[in-house]
Structure formats: C-alpha cells, structure tokens
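To start, the structure under review is shown below, and the notes come after it.
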Amino acid sequence: MTNKLLSTFCLIGVATMLYGVPPQTHRYSGEIMDSACAAQGSHAAMMKQEGTTSHKDCTLACVKAGSQLVLYNAANKRTYMLDDQTKATEYAGDKVTVTGSYDAAGKTIHVSKISRKS
C-alpha cells in the first residue's frame, strides 16, 4: 500500500512539474507578410493585381481583402502564423525579428515582441 501511495505522489509531482513548465521563447526572422503573398513566396503577383507599389501597401491591401498577417522566412520558405495581428500590423511589409513561443500544432508564434531588422 505504501509503495502505491508513494508512486502516485511521484507521478502527480512529475505531471505537475511538466505541466507547469512555460513554453520556451525563441527568435524568428523574416518579413511580416500577408498569407496570400507568403503562399506564393513573393508580393510580385499581388502587387501587380492590386496596383500597389510597396510591400507594406500590398500586405495591407491583402489583409483588407481577408488574408492574415504572417511571418515569412524567404531563406527556408517557411510561414508562421502570428497570434497578435494588431501588433504585427505596425510592421506590415518590414523585415523583422519576432520573439515568442511556437505552438507546433497550430503552426503559430505567440508573439511577445516584434522589432525591425536594422
């Protein structure tokens, strides 16, 4: 009986420690882009279609048409969803570093900070 009780408490302790561990924060680089252009890997087609002349104007026009803001890394052609669309709007079309935790299941970065690359 004592062994079972001790095992149960150990199991509860380990589960509590694992559950209580906060997600790790990482830095991700890329461009704040709209999901439509990120899927194409470029603003070129949408800029022509929308008649825009900058990445920022293209991104904002596509968001207005229903796209979501994402972080697109051209080097590895990877797109990350961003949970904070409001914070990302300020950086539309900019090359940035996003700091946050990554939710692999939702392919989403939980944004804690965004800063422009210099």
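The values are calculated or read from the model by the stated rules, or taken from the named source; none is laboratory data. Being a predicted model, the structure only gives us computed values, none of them experimental. Please note: Cβ atoms are built from the backbone with ideal geometry, for glycine as well, and neighbour counts cover all protein chains shown. Ligands, DNA and RNA are stripped out before the accessible areas are found, and what is left, the full protein with its side chains, is counted by its heavy atoms. Shrake-Rupley method; radii C 1.70, N 1.55, O 1.52, S 1.80 Å.
Details
- Per the Debye formula on identical point scatterers at the alpha carbon atoms of the stretch 44-118, with no solvent, log10 I(q)/I(0) at q = 0.12, 0.17, 0.27 Å⁻¹ is -0.33, -0.66, -1.38.
- Heavy atoms of Asp103: accessible area, 1.4 Å probe, square angstrom to 10: 60 Å²
- Working ranking of peptides 83-93, 50-60 by packing, defined as the average number of other Cβ atoms within 10 Å per residue, highest first, is 50-60, 83-93.
- Across the stretch 30-118, the mean sequence separation of Cα contacts (distance under 8 Å, 6 or more residues apart), normalised by length, yields a relative contact order of 30 percent.
- Extension gain for Ser29-Lys64 works out to 10.2 nm (0.36 nm per residue, less the C-alpha to C-alpha distance).
- Full-stretch length increase - Asn76, Thr97 - with 0.36 nm per residue and alpha-carbon distance subtracted: 6.1 nm
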